[in-house]
Amino acid sequence: MPPKKKDAPEETSAPAPSTPKKKQDGGTGYLIALGVMLVLFAGTVVILLSSPQGKQLLGRAPAANAPAANVNTPTPETNTNVNAPTPAPEPVLNAMGLPEGGQVELVNAMDESNTSIADQKVVWRSATGDVTLVEHASDLLPALKAGNSAIVIVARPSGSNRTIFAFGCAGGCDAPGATQPMAFDPALKAFIPLINAPDFYIAANQVSPNQRRMWYTGVSGDTEERELWVYDFVNDRQTLAIRLPASESLTECAPEIGLSVSTSIRWTDPTMLEYKVYRGSGTVPFCERPRTETATRTIVVPQ
């Protein structure tokens, strides 16, 4: 009988070789050290950025969405010419189409001897310069050439666009003031006749503070000045303010020969006149002494 075969030993699966413990411990430590370093680095970055230097650095940094600077774009040149003239601003015009804040003025041209006015121009004068309204006043007023006279400005009535002119001397003369007032309208560039204006010399003290009116005296039949009149430039109207009785006069002195002279009348405000009253009789040779003053009165001027 053949010998009985021995059963072959059963194969056992060999266990997988395990990683040495020493090596596994070393990798874990490396990861831990790396994490600690990252944490320290992040903390350092936070501290740095929160410092003044970091904030300054962040302020200089471009925004995240900002486009990159075009290094090829040329920088515009700055005009450093400080002497370049600045263009003048456009003037503000008023309702008449003239620069705001101006007024009517006269420009006189003298003759060769520089003793007489040869020509006159009417302009609108403002801070921006002159605007010519009338090149030659004599073209509109032929009497200037015929009478060898000139025009002067006697009033600028408040609340009105018009300027009051009157005829005066072109050169030296003995006339005490201008006569025959007339209005000038800068919008129309024309002289407007004043139909009811008095034919009296216009002196500065006769014109009211607002230049809308003037006073003048009327002479009665015995050459005494007993009437006080007011003329309104704007409304072209004469008004009798007072008429004194025969015993009183506005005349301070009445000479034996010649016209009565000297009155004491003044504006206290645009609506009131103050005048002195004198004894209304008797003459004094050459006005050597004044008359006796009897009263000082006031009167409200008709508006």
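With the convex hull of the Cα atoms taken as the outline of the range 203-303, the averaged projected area works out to 6.4 nm². Neighbours of LYS145, meaning other residues whose beta-carbon lies under 14 angstrom from its beta-carbon, give a summed charge of -3 when Lys and Arg score +1 and Asp and Glu score -1. Between the beta carbons of TYR201 and THR294, assuming R0 = 45 Å, the FRET efficiency works out to 0.95 to the nearest 0.05.
Viscosity 1.306 mPa s, temperature 10 °C: what is the translational diffusion coefficient of the range 97-197 from Stokes-Einstein with a Kirkwood Rh over Cα pairs, rounded to a whole number of µm²/s? Calculated translational D: 112 µm²/s.
May I ask you to list the residues of the range 142-176 whose amide nitrogen lies under 20 Å from a point 7 Å from Cα along the Cα→beta-carbon direction of VAL92? Only 159-161 fall inside the zone, counting backbone N under 20 Å.
Throughout, read-outs are computed from the coordinates displayed, never taken from laboratory work. Since the model is a prediction, treat every value here as computed from it, not as a measurement. Here the Cβ is made from the backbone with ideal geometry for all residues, glycine too, and neighbour counts use every protein chain on show.
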